1. Which whole-Hz ³J(HN,Hα) couplings does region 42-56 yield from phi under the Karplus relation 6.51 cos²θ - 1.76 cosθ + 1.60, θ = phi - 60°, glycine and proline marked x?
2. Run the numbers for E96 and K109: contour at 0.36 nm per residue of separation, minus the present Cα-Cα distance, in nm.
3. Given the peptides 99-106, 24-31, 35-42, arrange them by the average over their residues of other C-beta atoms within 10 Å, most packed first.
4. Working from Cα positions, state the angle (0 to 90°, nearest 10) between the long axis of helix 57-67 and the longest principal axis of the chain.
5. Using a 10 angstrom cutoff on alpha carbons, build the Gaussian network for the chain and name the most mobile of I63, I13, I87.
6. Which percent, nearest 5, of DSSP beta bridges in region 3-103 are antiparallel?
7. At 0.36 nm per residue, and after removing the present C-alpha to C-alpha distance, how many nm does the segment from C31 to E61 gain when stretched out fully?
8. Search the structure for amide H atoms under 5 Å from the amide H of I51, placed 1.01 Å from N in the peptide plane, and list their residues when 5 or more places away or on another chain.
Amino acid sequence: MDQQTKELIQNHIDNNEVCLFMKGTPDAPQCGFSMAVTNMLKLLEVNFKGINVLENQSLREGIKVFSDWPTIPQLYIKKEFVGGCDIVKEMYASGELKKMLEEKGINFKK
């Protein structure tokens, strides 16, 4: 991964409390996994930034190297890598996602 891509990724993570690297946009996800995570965040009424990795091939590959995680989507909350779709689904179902948002001071529907 080149330095420019690394800085772009870090910038998104640093400047957005809740950041989702995804395929497509929050209003038009382009894969089922990205849609699932987007829907969970929308149900909780979390303000989040969706980063469309399909717009930039180096970003698409770079985020996998950056997080050492092989799949997209990838969710970051307050600069912490949370996980991909399966992990976020489990956290949502168990209430862990709400707890994490509360602990990190993120506003959402309780």
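Computed from the coordinates by the stated procedures, all read-outs in this text should not be read as laboratory data. Predicted, not measured: the structure shown is a model, and the values here were computed from it. No Cβ is skipped: glycine too gets one built from the backbone with ideal geometry, and neighbour counts run over all protein chains shown.
1. 5, 4, 7, 6, 8, 6, 9, 9, x, 10, 7, 6, 6, 6, 8
2. Working: separation 13, 0.36 × 13 = 4.68 nm, distance 1.44 nm.
Length difference between fully extended and current span is 3.2 nm.
3. Working: 99-106: 13.4, 24-31: 14.9, 35-42: 18.8.
In decreasing order of mean packing, 99-106, 24-31, 35-42 become 35-42, 24-31, 99-106.
4. Its long axis makes an angle of about 60 degrees.
5. I87
6. Working: 9 of 13 bridges.
Of all bridge pairs located within region 3-103, approximately 70 percent are antiparallel.
7. On the way: separation 30, 0.36 × 30 = 10.80 nm, distance 1.64 nm.
Fully extending the segment from C31 to E61 adds 9.2 nm.
8. Those qualifying (amide H under 5 Å, at least 5 residues apart or on another chain) are L20, F21, M22.
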